[in-house]
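The values are calculated or read from the model by the stated rules, or taken from the named source; none is laboratory data. For clarity, every value in this text was computed on a predicted model and none was experimentally measured. Here the Cβ positions follow ideal geometry from the backbone for every residue, glycine too, while neighbour counts run over all protein chains shown.
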Amino acid sequence: MTMFDASLLLDPPAWPAAGYAGLADRIGRLLGTRGDVIFVQAEAVVALEAVASSLAAPSLKVLNIVTSPYGGLFGGWLRRGGAQVTDLVAEPARPVTVEAVKAALDAGGRVDAIALVHAESASGILNPLEGIAALAKARGSLLVVDAVASVGGHPLDVDALGIDIAVIGPQKALAGPAGVSAVSVSAKAWALIDRPGAPVDSVLSLLDQKRGWLDTGRGALPGTPPALEFHALDAALARIEQEGLENVLHRHAAAAAEARAGLAALGLEPFETGERASNLVTAVALPDAVDLGRLTALDIAVKAELTAGVGPGAERLVRINHTGRRADPAIVRATLAALAQALHRVGR
Ligand SMILES: *Cc1c(COP(=O)(O)O)cnc(C)c1O
């Protein structure tokens with residue numbers, strides 16, 4: 001089965017209490033922010049739920065952009081907290097357009113917050129973050145970005161773009177652990193979160209993190225932090241810093257270009273290209289005659305991490321994963337060769 005000795009993971013030294021602030025600062029540097037960075041000691045979906053739960057209040061009006069199941073979940077969590085949410089649902093599995101966001105803003109009244117996913121690993125699309133950030137700035141709306149997939153794969157300049165809340169996880173382009181996530185929070189976002197009646201004493205409360213960690217001088221984290229996850233996060237950040245963020249971004253862009261060129265050579269067309277496509281995953285729409293379930297179940301497809309898209313409109317897509325350690329031209333070429341073989345095996 002596994003090729004490594006899991007007992008090596010036992011009895012790790014505790015991550016030093018004084019070291020959490022340094023880790024947060026390194027994440028802040030990756031994100032280009034001087035604002036606060038806090039940890040959510042769980043997978044990134046929990047961090048997204050915590051952000052929605054902490055922001056949601058009956059007075060809050062949100063324009064929630066939906067380009068995958070993640071956006072749908074986010075809107076649901078906001079509604080559960082009583083927020084007034086308008087979903088802007090893009091064409092299935094496609095990116096939203098700046099024009100559509102502008103029209104939605106023009107149609108309604110006040111919008112306190114705009115929420116979107118930057119890059120979608122579900123379908124391989126990229127949303128026009130810069131244009132949407134400019135609209136948010138012009139209207140004075142809070143900007144909330146799910147950057148779990150995009151961090152390390154696309155430039156993400158939190159302060160320069162005026163992103164108030166960015167949620168990241170190390171498990172995608174940063175090639176780190178999946179069990180700890182981070183959230184950057186601007187002063188403007190804290191002003192909405194830190195209010196009478198805000199959720200507290202909850203794993204979903206960002207305010208707890210502020211009061212229990214930021215406001216007490218960023219020492220020990222509340223509870224027992226998972227040492228393995230923090231050691232792995234440290235190592236993943238060190239590897240990124242060693243390579244240089246610019247090079248990591250470049251590696252992902254080159255992998256995406258390699259995937260698209262290789263598809264063309266196979267006579268296949270990527271689902272999206274150019275500015276509408278992410279550098280993390282290249283999705284291809286397969287002809288209806290191809291049994292996608294059968295194709296992705298083939299050993300060769302499983303080994304090459306060829307998977308079906310996720311969510312409405314992505315059901316007919318097969319995804320070439322070039323995220324993190326897979327953002328490597330040799331791996332992309334091997335994946336394309338596997339795709340060609342798999343297609344052959346299912347009769348194409
Ligand atoms: C991967 C990802 C997450 C984290 O969710 P998973 O449980 O890893 O699927 C959140 N948002 C986006 C946009 C992602 O790509």
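With the requirement that a residue be outside any loop (DSSP other than H, G, I, E, B) and either more than 12 Å from the ligand (Cβ to nearest atom) or not assigned by TED's automatic domain parsing to the domain that holds G140 (or both), what does region 47-64 give you?
The answer is A50, A52, S53, S54, L55, K61, V62, L63, N64.
Among the residues of region 176-196 satisfying the criterion of being within 13 Å of the ligand (Cβ to nearest atom) and part of a loop (DSSP other than H, G, I, E, B), which is surrounded by the fewest Cβ atoms within 10 Å (Cβ to Cβ)?
My answer is A178.
Which residue, of P95, P170, is farther than 19 Å from S68 by Cα, at pLDDT 95 or above, outside any strand (DSSP E or B) and within 14 Å of the ligand (Cβ to nearest atom)?
Result: P170 is the single residue among P95, P170 that is farther than 19 Å from S68 by Cα, at pLDDT 95 or above, outside any strand (DSSP E or B) and within 14 Å of the ligand (Cβ to nearest atom).
Hey, does region 281-303 have a residue that's more than 16 Å from the ligand (Cβ to nearest atom) and on the phi > 0 side of the Ramachandran plot?
Looking through region 281-303, none of the residues is more than 16 Å from the ligand (Cβ to nearest atom) and on the phi > 0 side of the Ramachandran plot.
So which residues in region 33-46 are in contact with a helix residue (DSSP H, G or I) (Cβ under 9 Å, 6 or more places away or on another chain), among the hydrophobic types (A, V, I, L, M, F, W, C) and either within 12 Å of the ligand (Cβ to nearest atom) or part of a loop (DSSP other than H, G, I, E, B) (or both), if there are any at all?
Result: V40, A42, V45.
Name, by its number, the condition in (1) surrounded by fewer than 21 Cβ atoms within 10 Å (Cβ to Cβ); (2) in contact (Cβ under 8 Å) with a residue 60 or more places away in the chain that does not hold for A134.
Condition not satisfied by A134: (2).
Keeping to region 245-290, report how many residues are in a loop (DSSP other than H, G, I, E, B) and touching a helix residue (DSSP H, G or I) at 6+ places or on another chain (Cβ under 9 Å).
Result for region 245-290: 9.
Quick check on region 55-104: of everything there that is of a type in the set (D, E, K, R) and free of Cβ contacts under 8 Å to residues at least 60 places away in the same chain, which residue is surrounded by the most Cβ atoms within 10 Å (Cβ to Cβ)?
Out of the qualifying residues, it is D87.
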